[in-house]
Amino acid sequence: MRHLFSACCLLTLLVPAALAQELPAAPQPPAASKAEAKKDVPSAAPAPPSPELLALLDQIEAKAKTLRTMDSRIRLTRKQGLLGDEQVRFGRFRYAAGVKAVPAPLPAPAVPAKVQIEFDAVVVDGKAEKVDIRYAFDGYWLLETNAKDHAATRREIRAKDDPKDALAIGGGPWPIPMSFEKAAILAQFDVQPGPAGPAEDKREAVRLILTPKPGAKLEVDKMILTFEKGTWEPVGATSLRGDDATEVLLSKPAFNDELPKGTFSTRPPEGADWRVEEVPKR
């Protein structure tokens, strides 16, 4: 179940894009002049991963391969640094692993990983309110519904013939560490151990700091992935981009249970009172 660890990452990038519509846009700082840019001194190359760190990555990768489904509570926090705005959403997170294609003699097509979040509460500037906002991603299409506004948007994220992994860590429009492939991560990121200490829900945690390598075309400046020590199950992720940060915390998880029928459906709601927009991929 290699995608479980990247779905978290996907969420901290894609869902925040929707949250940004509800928060005022932060002013952009002036671009540096060419003369100022020339003054920048390139930082020293990071040290290569230690044998101990490589062994840890092996353990996390091995655990990821055993996880078929996940059902947990989720807290997603979006912080805009320049404005000081913060929005926190609470809800339920569900995930189902993808399956790679099987070649002959008994061929079977690949099945993409899927993610669903149902937010039931939101806190903005300290004020809490109940909500009914749902995101469902079936591996190709993302459906967002807001029951209060009776509005739904169905957006194509990945074409059927697109081999790109929409849930890859740092490469999709989202961050939750659901998919974890050691070789792919080391090819795109400089990886270093993060600060020790328990997670916010008191679980003993291990953290990894991922910094995109020069030339990597990723949608983050830095990521921090958090895993429960010993079990190596995903706890959460933080995505940093400019002055903004998006944090995901997964709590009370259940792994490898059967999920309800209809989970991950991207079929828009029916009814004359619903406004539905469909956005194909260009």
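Miscellaneous remarks
- In region 54-102, the residues that are surrounded by fewer than 17 Cβ atoms within 10 Å (Cβ to Cβ), basic (Lys, Arg) and in contact with a Lys or Arg (Cβ under 9 Å, 6 or more places away or on another chain): Lys65, Arg73, Arg92, Lys100
- Matching residues, region 80-99, being in a strand (DSSP E or B) and farther than 20 Å from Glu118 by Cα: Gln80, Asp85, Val99
- Some residue of region 220-227 being in contact with a strand residue (DSSP E or B) (Cβ under 8 Å, 6 or more places away or on another chain), more than 21 Å from Gln87 (Cβ to Cβ) and buried (at least 19 other Cβ atoms within 10 Å of the Cβ): yes
- Summed over region 146-164, residues that are in a strand (DSSP E or B) and closer than 16 Å to Lys114 by Cβ total 3.
- One residue stands out in region 47-97 among those that are touching a Gly at 6+ places or on another chain (Cβ under 9 Å) and of a type in the set (A, V, I, L, M, F, W, C): the one that is farthest from Glu181 (Cα to Cα), namely Leu82.
- Residue count for region 216-227 under the criterion of being in a strand (DSSP E or B) and either hydrophobic (A, V, I, L, M, F, W, C) or free of Cβ contacts under 8 Å to residues at least 40 places away in the same chain (or both): the result is 5.
- Of all residues in region 203-231 being charged (D, E, K, R) and modelled with pLDDT of 90 or more, the one that is nearest to Leu54 (Cα to Cα): Arg207
- Within region 197-215, residues that are in contact (Cβ under 8 Å) with a residue 40 or more places away in the chain have Cβ atoms under 6 Å from residues that are of a type outside the set (Gly, Ala, Ser) and loosely packed, with under 13 Cβ neighbours inside 10 Å in no pair, counting only partners at least 6 apart in sequence or on another chain.
- Test: Asp161 is surrounded by fewer than 21 Cβ atoms within 10 Å (Cβ to Cβ), touching a Ser or Thr at 6+ places or on another chain (Cβ under 7 Å) and at pLDDT 80 or above: no
- Any hit, region 229-247, residues being in contact with a strand residue (DSSP E or B) (Cβ under 6 Å, 6 or more places away or on another chain) and not in a strand (DSSP E or B): yes
The values are calculated or read from the model by the stated rules, or taken from the named source; none is laboratory data. What you see is a predicted model, and the numbers here were worked out from it, not measured in a lab. Please note: Cβ atoms are built from the backbone with ideal geometry, for glycine as well, and neighbour counts cover all protein chains shown.
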